There are 2 protein chains.
Amino acid sequence: MNGTSGRFAGLPVTLDDIRRAAARIDSSIVHTPVLFSELLNAALGIDLWFKCENMQHIGAFKSRGACNAVFSLTAAEAAAGVVTHSSGNHAAALARAAVIRKIRAHIVMPRNSAEVKLAAVRRLGVTPILCEPSAESREATAREVVAATGATLIHPYDDVRVIAGQGTTGLELLEQVTDLDLVVVPVGGGGLLSGMLIALKSLNPELLVYAAEPTLADDAARSLRSGVIEQPLRYDTIADGLRTPLGQLTFPVMQRLLDDILLVDESAIQEAAATIQAELRVVAEPSGAVPLAAVMQHKEKFVGRRVAVVISGGNRDPRAA
Amino acid sequence: MNGTSGRFAGLPVTLDDIRRAAARIDSSIVHTPVLFSELLNAALGIDLWFKCENMQHIGAFKSRGACNAVFSLTAAEAAAGVVTHSSGNHAAALARAAVIRKIRAHIVMPRNSAEVKLAAVRRLGVTPILCEPSAESREATAREVVAATGATLIHPYDDVRVIAGQGTTGLELLEQVTDLDLVVVPVGGGGLLSGMLIALKSLNPELLVYAAEPTLADDAARSLRSGVIEQPLRYDTIADGLRTPLGQLTFPVMQRLLDDILLVDESAIQEAAATIQAELRVVAEPSGAVPLAAVMQHKEKFVGRRVAVVISGGNRDPRAA
């Protein structure tokens, strides 16, 4: 039941780290609601609970990890600012956390980022640093900022402070819903998943935790089979938040603690997003609908059980369907 | 501070009625979340809180009043079932309340009701009784059901049990948000508004309560000016839940307790619904966006204050924008 013995030995983050993160970020994040739909439950034959991180500040769980990372900096580190490269929700989340701590944030974003993501950063008073749309350009630009400013790089997921922050989603969920059998979490880089695995499995070793991943971005499933971090082979899933490879810190947590990973089709993701809108009257971005898609596409694994799914974000591109 | 003296004398519902309703329906309704958006607050210069009745069962506050009415029936009354005529959320709410109490519900709906509203009733296992799309046909059909079955008519708003049930929204809001200056409530028939007025003004006489109404359905504003219940003159506002006239029970409560009524344009309603979706990641039906539309269109009345708006429902017609 702690992070230093047995199956938790050697993992990069402990339950205590997550509890400290929860205290550190408490007044700067939303304790997001858990919703359910009687009619959806009746239709599926499952007791389904939705942890609504789409209602988190900036519309995604990323605010938790970004706040924990920024608030963990020493005064000297903070004075030099923070930097990250991201085309997604981590960019806005880090900008917001820096605004709260009143420090500089250098946000490197590809020139072709969605206008809505660029606007989300600008609204916080931070001007994105534009780079070419390649991993090389992103990383090189971020390194230049570090060299010039001494800012601390906050990786979107492969960072113990970020993982601990995302894990607070699991602490909250278990305070809000009792007697869960199973939790389904989306996996991109694995920050949310590894943080929640440590929180959930530490507090309840019997609880099953499944990852959900698009078939078109099945690098996590392949990595778990091969035992090494595999790269994405294509980048065209509508679940744009899940197109990233696993991290050096997140992958070993998944190898140790994850019970299963379920792949979902693009059509199932779209159906799940529409179901969330119709039955819960909330907006999920495609990545945030992937766990419900897994439940609907692999229904036989869930029937008759008490299941929580994380709606990880709600920043749907208004130009998309 | 009670319903029998001073400005509350003679009103059809008391704070105690609303408290009893809250206890009666407690396990059958959602204690809906209150959300806020830091960025929206910063943009408007207002501390805005959203009471999310779009996340209520069947997607609207109507579940509160319907449950209170059905659960208040004597065993003999219940045995004969309930009846209503409605083209909107009250139909599904009453059907659901009847299913919970395991009694018959006769739901009279115009033939030309939105397919989504008909489907919402059918999903609950209740077959709507279709009538012609006129007030006369609706009322005559409901009377025939009463004559044939002895069922109790549950009016969508002009019913003390319904008003008391809707008023529980106000009790909850004051438990969830402290130090409010002002609450904005949409007005159609006035059930939600009159119930909330009694709850809010009984508990906090200093709290201002404003109604919000579409300019295209300004019958409540005209009624308050003339002192008699005026009829709607047109039925084409996109806020389809607010096309109804005030009731004999709800109007006197408004005359006594309401501080102001604000009219809003159709474009403001659409902008408010889009703002709710973008900033809060939740879905409001047009009627549910009318209070925010009032805040945005009459911003000068709200700047610098702590304001709650009720998102009354989230059943947006999927065929509409």
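None of the figures in this text is laboratory data; all of them are computed from the coordinates on show. These numbers come from a predicted model, not from an experiment. So basically every Cβ, Gly included, is an ideal-geometry build from the backbone, and we count neighbours across all protein chains shown.
Sparse packing (at most 13 other Cβ atoms within 10 Å of the Cβ) combined with a DSSP loop state is found for the following GluC sites (Glu not before Pro) in segment B:181-272: B:Glu206. Against the main long axis of the alpha-carbon atoms of chain B, helix B:135-149 sits at an angle near 50°. Is the C-alpha gyration tensor of the protein assembly as shown telling us rounded, prolate or oblate? Criteria: a/c under 1.5 is rounded; beyond that, a/b larger than b/c is prolate, otherwise oblate. Prolate, because a/c is 1.5 or more and a/b exceeds b/c.
What does the charge dipole of the protein assembly as shown about its Cα centre add up to, to the nearest 20 debye, if the Cβ of each Lys and Arg holds +1 and the Cβ of each Asp and Glu holds -1?
Working: 62 positive and 68 negative charges, 106 e Å.
The calculated dipole for the protein assembly as shown is roughly 520 debye.
Between B:Val99 and A:Gln231, the C-beta separation translates, for a Förster distance of 41 Å, into a calculated FRET efficiency of about 0.20.
About the centre of its Cα atoms, segment A:11-79 shows a dipole size close to 140 debye [charges on the beta carbon of Lys, Arg (+1) and Asp, Glu (-1) only; nearest 20 debye].
By the gyration tensor of its Cα atoms, with a ≥ b ≥ c the square roots of the eigenvalues, what is the shape of segment A:62-153: rounded for a/c under 1.5, prolate for a/b over b/c, or oblate? It comes out oblate by the Cα gyration axes. The long axis of helix A:62-72 is offset from the longest Cα principal axis of chain A by roughly 50 degrees.
Restrict the search to segment B:225-316; then list the trypsin sites (Lys or Arg not before Pro) that DSSP places in a loop and that have at most 16 other Cβ atoms within 10 Å of their Cβ.
Details: sites: B:Arg225, B:Arg234, B:Arg243, B:Arg256, B:Arg281, B:Lys299, B:Lys301, B:Arg305, B:Arg306, B:Arg316; in loops: B:Arg234, B:Arg243, B:Arg281, B:Arg305, B:Arg316.
Answer in residue order: B:Arg234, B:Arg305.
Each of B:Ser27 and A:Gln248 was given a label point 7 Å from its Cα along the Cα-to-Cβ line. The distance between the two points is 5.5 nm.
Counting other Cβ atoms within 10 Å as a rough exposure proxy, the listed residues B:His31, A:His57 run B:His31, A:His57 from fewest neighbours to most. Below 8 Å, C-alpha to C-alpha, sequence gap of six or more: please give me the relative contact order for segment B:1-110 in percent. RCO, segment B:1-110: 19 percent.
To the nearest ten degrees, helix A:266-275 and the longest principal axis of the Cα atoms of chain A are 80 degrees apart.
Derived scalar couplings between HN and Hα for segment A:93-102 equal 5, 6, 4, 5, 4, 5, 4, 5, 7, 6 Hz in order, rounded to whole Hz, by the Karplus curve 6.51 cos²θ - 1.76 cosθ + 1.60 (θ = phi - 60°), x for Gly and Pro.
Where does the charge balance sit around A:Val34 when Lys and Arg score +1, Asp and Glu -1, over other residues with C-beta under 9 Å from its C-beta? Before the final figure, lay out each step's value.
Numbers: positive: A:Lys51; negative: A:Glu172.
Once all neighbours under 9 Å are counted, the net charge is 0.
Only DSSP H runs of four or more residues enter the estimate; each adds -39500 (n - 2.57), and after division by the residues of chain B the mean residue ellipticity at 222 nm equals -13000 deg cm²/dmol.
Quick check for me: using +1 on Lys/Arg Cβ and -1 on Asp/Glu Cβ, what's the dipole size of segment A:66-178 about its Cα centre, in debye to the nearest 20? Dipole size: approximately 440 debye. For A:Leu153, the residues whose amide H sits under 5 Å from its own are A:Val83, ignoring neighbours fewer than 5 places away on the same chain, with H placed 1.01 Å from N.
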